[in-house]
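K.L.:
Handing you this structure, nothing more for now.
The values are calculated or read from the model by the stated rules, or taken from the named source; none is laboratory data. These numbers were taken from a predicted model, which means no experiment stands behind them. Positions of Cβ are generated from backbone atoms using ideal geometry, with glycine treated the same way; all protein chains shown enter the neighbour counts.
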Amino acid sequence: MRLITGFFDEYTLDVHRVLDLAAGAGSLLLAADRVLPGPLTLVGVEQDAMVAECCRNDLADRMHASSDLAIFQGDGLDPEINTRLSHQFDRFDLVVGNPPFLSPRLRSLRYEGSNGVEWSKLRHSYPDITRATTDLSAYFVARAFGHLRVGGVCAMIVPISFLSSDGASQVRRVIEGQGEVLKVDRLPDDAFAASVATVCLWVRRSSEQTTRPNSDGMSWGSWIAESPRLELPPSLRVKDLARVTAGFRDEFYQVAAQVEEADNPPVVLADQGWHRVLTVGHLGWREPLWGHRPVRIGGRALLHPVVSSAALSSMKSAMRALLIPKLVIAPQKRVVAPWIDYEGSVVPLTPVISVLAADSSGLSLSLLAAALASPVAAAFLEHRCAGTALSAKALKFSARDVGEVPLPLNREAWERAGHLWPAWRAGRLWPYLDAIRDAYSVETSVWSELLDWWLPRIGQVVE
């Protein structure tokens, strides 16, 4: 109820019809009835017959006498149910909901609605918004938005990953094309029994037609980002001067099947026919922990994982193409922490990200590392990817995200930062930070705010 009250303290909306497609016990409908001036028409859909009956009886006893109530037993994503709602009520002024979440990792399970709806049926019913990783809640958001009148508002409790995940990108694109985000409320971590970070998303429909056809469904992570939003002048991106890749799943299995424990660690040299294999677990702020921390690859615990040159020669050319000098980056850390493979002998195991400077770019790996390790890159990726990591404080980014990181315009300062960057691994950070600030031309006040956010994340004492 506090969420609804807080919203209507800020925004004015003429509400007569309220809908909840996953009504449960009807708490959100009841909250709307108590907060908003009546009379209202409260409409809910609940798949469980017993819960639907309890919801109907409880709301009838507790809502305002002047309000009307209609509770339907059925699946809120069923096209037939939604067609019936449209015919009977036309459009709604306010749609609320706390829909079920289902991790994409569990997509092999059936989503058992009242009609036994399966994932294949969802994909058939909603082909325009379905991606390989679309969470169940995203379908509810799309359906709820479709029930709004022009000017109507939708308030949905969703996993925080909805704001940035690729699986919800098509839903964000629909909303951006026909409406706007009004606000995003971060809910307390203990708001629900499940260990899923959540937000309440408020969006308004502004048109029946797509008014912004070029909307790309990019991240809404800025709504919850803790770092300052940087207004940088147009510049080249990492992808303009380097190739960024994390490989593919089949490449992971190819390498995993051929990985061995080194017989004679720590001496593993490419000219002896062996290559160190680096996983996400090896990568941190300093030198990779290869030989110091065991990792699991293909179900085996290995302290010194290696793969032979002979085995690599039988794999895809894409794997062999990585045997050149490059940056390697773990895709989920508190900041971006690149490590330079100067010899080009290390095999990064998917999903480790590799950054390879293009031959024609004239760009050294130290310059790329200086840019990607910077507070600017970390803040850019937080705004682009906030909400997708397992930890609320971590950044989770893809090779494509790294490719979009802006590069500095001040080449002289950037080269100075590239020269100084290796020193920060030993704690001598301030000369590098001064240089990279000049390279990106960040104002002093903004830079101070940025460092207040970034420094606690790097987890080391600096001089």
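K.L.:
Looking for something out of contact with any Cys (no Cβ under 7 Å at 6 or more places or on another chain), surrounded by fewer than 22 Cβ atoms within 10 Å (Cβ to Cβ) and small (Gly, Ala, Ser) - is there at least one such residue anywhere in region 408-422?
P.N.:
For region 408-422, residues out of contact with any Cys (no Cβ under 7 Å at 6 or more places or on another chain), surrounded by fewer than 22 Cβ atoms within 10 Å (Cβ to Cβ) and small (Gly, Ala, Ser): present.
K.L.:
Tally time: how many residues in region 69-98 are surrounded by fewer than 19 Cβ atoms within 10 Å (Cβ to Cβ) and of a type in the set (Val, Ile, Thr)?
P.N.:
The qualifying residues number 1.
K.L.:
Right, another one. Would you point out the residue of region 1-60, among those that are of a type in the set (Asp, Glu) and under 21 Å from residue 149 (Cα atoms), that is modelled with the highest pLDDT?
P.N.:
20
K.L.:
Every residue in region 298-319 that is under 30 Å from the mean Cα position of the chain (by Cα) and surrounded by fewer than 19 Cβ atoms within 10 Å (Cβ to Cβ), please.
P.N.:
298, 299, 300, 301, 316, 318 - these are the residues of region 298-319 that are under 30 Å from the mean Cα position of the chain (by Cα) and surrounded by fewer than 19 Cβ atoms within 10 Å (Cβ to Cβ).
K.L.:
So, in region 421-431, how many residues would count as being free of Cβ contacts under 8 Å to residues at least 24 places away in the same chain and within 18 Å of residue 340 (Cα to Cα)?
P.N.:
Residues meeting the conditions: 2.
K.L.:
Here is a follow-up. Given the criteria at negative phi and assigned by TED's automatic domain parsing to the domain that holds residue 138, does residue 90 qualify?
P.N.:
The answer is no for residue 90.
K.L.:
May I ask you to say which residue of 262, 337, 358, 371 is farther than 20 Å from residue 401 by Cα and either of a type in the set (Gly, Ala, Ser) or more than 24 Å from the chain's Cα centre (by Cα) (or both)?
P.N.:
Just one listed residue meets the conditions, 262.
K.L.:
Collect the residues in region 63-75 that are in contact with a Leu (Cβ under 9 Å, 6 or more places away or on another chain) and either modelled with pLDDT of 95 or more or under 11 Å from residue 42 (Cβ atoms) (or both), keeping them in residue-number order.
P.N.:
Passing the criteria: 63, 64, 67, 68, 69, 70, 71, 72.
K.L.:
Only one of 335, 328, 355, 347 is more than 30 Å from residue 379 (Cβ to Cβ), of a type outside the set (Gly, Ala, Ser) and crowded, with 19+ Cβ neighbours inside 10 Å. Can you tell me which?
P.N.:
347
K.L.:
Please determine whether any residue of region 372-385 is without any contact (Cβ under 8 Å) to a residue 24 or more places away in the chain and acidic (Asp, Glu).
P.N.:
So far as region 372-385 goes, no, none of its residues is without any contact (Cβ under 8 Å) to a residue 24 or more places away in the chain and acidic (Asp, Glu).
K.L.:
Do we find that residue 179 is of a type in the set (Gly, Ala, Ser), touching a residue at least 12 places away in the same chain (Cβ under 8 Å) and surrounded by fewer than 17 Cβ atoms within 10 Å (Cβ to Cβ) in this structure?
P.N.:
Here the answer is no, as residue 179 does not meet what is asked.
K.L.:
Still on this structure, please answer the following. Considering only region 333-352, how many residues are closer than 17 Å to residue 276 by Cβ and of a type in the set (A, V, I, L, M)?
P.N.:
5
K.L.:
Any idea how many residues of region 270-307 are over 12 Å from residue 347 (Cα atoms), assigned to a strand (DSSP E or B) and touching a Lys or Arg at 6+ places or on another chain (Cβ under 8 Å)?
P.N.:
Residues that pass the stated criteria total 1.
K.L.:
Quick check on residue 149: is it part of a strand (DSSP E or B) and modelled with pLDDT of 90 or more?
P.N.:
yes
K.L.:
Report whether or not residue 328 is part of a strand (DSSP E or B) and touching a Lys or Arg at 6+ places or on another chain (Cβ under 9 Å). Quick ask: steps written out before the conclusion?
P.N.:
Values: part of a strand (DSSP E or B): yes; touching a Lys or Arg at 6+ places or on another chain (Cβ under 9 Å): no.
Against the criterion (part of a strand (DSSP E or B) and touching a Lys or Arg at 6+ places or on another chain (Cβ under 9 Å)), residue 328 does not qualify.
K.L.:
Check region 299-306 and report whether any residue there is free of Cβ contacts under 8 Å to residues at least 24 places away in the same chain and more than 30 Å from residue 443 (Cα to Cα).
P.N.:
Yes, region 299-306 has at least one match.
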